[in-house]
1. Which is at pLDDT 95 or above and assigned by TED's automatic domain parsing to the domain that holds Arg230, of Asp259, Asp250?
2. Quick one: how many residues across region 219-235 are buried (at least 22 other Cβ atoms within 10 Å of the Cβ) and of a type outside the set (A, V, I, L, M)?
3. Among the candidates Ala110, Ala178, Ala201, which residue alone is away from the ligand (no atom under 16 Å from the Cβ), within 30 Å of Asp13 (Cβ to Cβ) and in contact (Cβ under 8 Å) with a residue 12 or more places away in the chain?
4. Does any residue in region 239-264 that is closer than 21 Å to Met196 by Cβ come within less than 9 Å, Cβ to Cβ, of a residue that is among the acidic types (Asp, Glu) and in a loop (DSSP other than H, G, I, E, B) six or more places away or on a different chain, and which pairs are these?
5. Can you name the residue in region 150-181 that is small (Gly, Ala, Ser) and within 30 Å of Arg267 (Cβ to Cβ) and is also surrounded by the most Cβ atoms within 10 Å (Cβ to Cβ) among such residues?
6. List pairs: first residue in region 140-169 and closer than 17 Å to Pro69 by Cβ and assigned to a loop (DSSP other than H, G, I, E, B), second residue small (Gly, Ala, Ser) and more than 9 Å from the ligand (Cβ to nearest atom) anywhere in the structure, Cβ distance under 6 angstrom, at least six positions apart or on different chains.
7. Here are some residues: Met176, Met244, Met196. Which one is within 30 Å of Asp107 (Cα to Cα) and touching an Asp or Glu at 6+ places or on another chain (Cβ under 8 Å)?
Amino acid sequence: MSIVNTFAGGPLDRASERRTDADWLAAQLASPQSRVVPFFRMQPLVSPGGHAVGWLSTAEVAEFLAEQPHILLGLDEAGVAHFALDLSAVEDAPSLEPFRAAGRFMDLRAIALRLPAGDPATLATGKAMLDWHARHRFCAVCGNPTEMRMAGYMRKCLNADCNADHFPRTDPVVIMLAVRGDEALVGRQKTFPSGMYSALAGFVEPGETIEEAVRREILEEAGIRVGAVRYHSTQPWPWPSSLMIGCFADAETTEIQIDGQELEEARWVSRNLLAASYRGEPGTGVLLPPPMAIAHQLLKTFIEAQ
Ligand SMILES: [Zn+2]
């Protein structure tokens, strides 16, 4: 069975072949069937309890669609277009009142596990895309303003002498469990809740493979050398634009030496202890990351591999 991490498994057809069709896009934005989810300061509109996406009709947000950034999320099974709209630049509080009356703008991490399957992925796409636009209003080549194109999937430099195209970025992050027989290497950062341990992680650097990044990060952070690296699954993580690449790695050494910067502590923990913690038994001294995190899925897979 394939692993579907939270924020993966989006149900919409991204319709990339339609993004350059201005007439088609205009028709979708004018269609009463089309659906729009507003974001305010990168938080999506959801029902008051956070159990459903706060989809609105294009007519309900027409005045904002005319001026505020919006991107095409894709088409549902019935061919209905779905958009994400960024209201962050709307200073006028009264104009946001109708949305607040209908729902709440909430942090996606706080509600992801309450939403129906697939919706967290749709909102993650919207959040990542709108965040990218908010951070890339100027050309990285010449410094002139850029403008959204391709239904949001490109920005173009408006300086005719430059004309550079800019595309949304995704930053690969390796997140991994070094394993040695019945034990896995976990670490904790100072900012973690008390007792929580998780998989080690770090950004893939330019000129590096996923396997090389896994080996480098584990060596840097915990002083452990690893050999074979096995892929587990990936997870979009739109804070702001990461793709978490989950892996297992075979440890070749055992003595831990933490770098003292990224990690406060690293330790080997047994499968039995992790399993007890997973079952919620008291007294293990180890708290696992929440199910929304890919680290939770890595640990779960390790626990169940006995
Ligand atoms: Zn430029």
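The values are calculated or read from the model by the stated rules, or taken from the named source; none is laboratory data. Predicted model, so just to flag it, every value in this text is computed and none were measured. Positions of Cβ are backbone-derived with ideal geometry, glycine not excepted, and every protein chain shown enters the neighbour counts.
1. None of the others qualify; the one that does is Asp250.
2. Adding up the residues that qualify gives 2.
3. On inspection, the qualifying residue turns out to be Ala110.
4. Short answer, once both residue conditions are applied: Ile258/Glu264.
5. Ala178
6. Arg169/Ser241
7. Only one candidate qualifies: Met176.
Yes/no matrix, rows are residues, columns are (1) buried (at least 20 other Cβ atoms within 10 Å of the Cβ); (2) within 16 Å of the ligand (Cβ to nearest atom); (3) modelled with pLDDT of 95 or more; (4) of a type outside the set (Val, Ile, Thr):
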| position | (1), (2), (3), (4) |
| --- | --- |
| Gly79 | no, no, yes, yes |
| Ala89 | no, no, no, yes |
| Asp92 | no, no, no, yes |
| Trp132 | yes, no, yes, yes |
| His136 | no, yes, yes, yes |
| Thr146 | yes, yes, yes, no |
